[in-house]
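Colleague: I'd like to ask some things about the structure below.
Taken together, the values in this text are just the output of simple stated rules run on the coordinates, not laboratory data. This is a predicted model, so every value here is computed, not measured. FYI the Cβ positions are ideal-geometry reconstructions off the backbone, even for glycines, and counts take in every protein chain you see.
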Amino acid sequence: MKGYGKLTILLLVTIFITFLAKNLYYQNRYYNTAKQQDGIAKVKAYEKVILSYVPLSPLGSKAVEELYLYCHTFKKDDERLYCLETLRTSIYQIQNPITRPYTEYLEKINPEIAKLRALESINWEFNNYTMADYEKLYNAQMQVLNYDNKPSDFWSFIVVLSLIGWISSVLLFIWKANDRKQILLYSLMFVAFFSLWIVSLYKA
């Protein structure tokens, strides 16, 4: 049993290291691509760098800073808004219960997005808004943007825990289910951890 436990831990560590190495590879690849692109293509390349997040990797922070500055080079409001919203969405997608990477940029991004959205509403031909409505529209957008919709820390932890349990139950079933009792035990573990994983994904 101890040998199988060590093998399971070694396998999980190997998977984790492989995942980090893959993300580092793609971060570097997309970052170099971003340096050679312009316009929306550059924005999308930087987005991929951010989404390939690896803790302590300098490429992620460089991509966030450079994309934030690049957003302000767009002369058209709709393109600048797209760029800022892409950056904001990317930052939210990499949040996790342990670290909150790059959230300090949200304090700068949110007011700019709120301003552009308010102006967009005023300038849209099918709306009846005028500049007199700007403050009301801006405040409404800020309320939406500042709404704390981050995943639950508790359920995010359960997601990871149940996933490890699910994978472990599969490995134990393959390696240790030699009789009817063990087959039943590991099958129940599989169903329990898988069900908990699905529920925690929904709740998180």
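Colleague: In whole Hz and in residue order, list the ³J(HN,Hα) couplings for region 47-53 that follow from phi through the Karplus curve 6.51 cos²θ - 1.76 cosθ + 1.60, θ = phi - 60°; x for Gly and Pro.
Modeller: Result, rounded to whole Hz: 4, 5, 4, 5, 5, 8, 4.
Colleague: Which is farthest toward the positive dipole end of the chain among Val144, Gln36, Ser200, measuring Cα position about the Cα centre, with Cβ charges +1 (Lys, Arg) and -1 (Asp, Glu)?
Modeller: The residue sitting farthest along the positive end of the dipole is Ser200.
Colleague: Note down the magnitude of the dipole of region 23-127 about its Cα centre, charges +1 on Lys and Arg C-beta and -1 on Asp and Glu C-beta and zero elsewhere, to the nearest 20 debye.
Modeller: Using only the charged Cβ atoms, the result is roughly 340 debye.
Colleague: Still on this structure, I have one more. Return, for the Cα atoms of region 1-55, the radius of gyration and Dmax in Å, separated by a comma.
Modeller: 16.7, 57
Colleague: Put +1 on the Cβ of every Lys and Arg and -1 on every Asp and Glu Cβ in region 44-164; which of Leu81, Leu119, Ile98 then has its Cα farthest towards the positive end of the dipole?
Modeller: Ile98
Colleague: Cα-Cα over 26 Å: which of Lys44/Lys203; Lys44/Lys75; Lys22/Lys76; Lys62/Lys136; Lys108/Lys203; Lys22/Lys75?
Modeller: Details: Lys44/Lys203 30 Å; Lys44/Lys75 18 Å; Lys22/Lys76 36 Å; Lys62/Lys136 35 Å; Lys108/Lys203 30 Å; Lys22/Lys75 36 Å.
Beyond 26 Å: Lys44/Lys203; Lys22/Lys76; Lys62/Lys136; Lys108/Lys203; Lys22/Lys75.
Colleague: Taking the convex hull of the alpha carbon atoms in the chain, what volume per residue do you get, in Å³?
Modeller: Looking at the chain, the number lands at 150 Å³ per residue.
Colleague: Of Leu11, Tyr25, Val54, which is farthest towards the positive pole of region 1-78's charge dipole, taken about the Cα centre with +1 and -1 on the beta-carbons of Lys, Arg and Asp, Glu respectively?
Modeller: Highest projection toward the positive end goes to Leu11.
Colleague: Dividing the convex hull volume of the Cα atoms of region 55-169 by its residue count, what figure in Å³ per residue is obtained?
Modeller: Convex hull of Cα atoms, per residue: 135 Å³.
Colleague: Charges at C-beta only: +1 for Lys and Arg, -1 for Asp and Glu. How large is the resulting dipole of region 55-192 about its Cα centre, in Debye rounded to 20?
Modeller: Value, rounded to 20: 700 debye.
Colleague: Also, quick follow-up: Round to the nearest 10 and give me the degree value, 0 to 90, for the angle of helix 58-71's Cα axis relative to the longest principal axis of the chain.
Modeller: On a 0 to 90 degree scale, this one is about 20.
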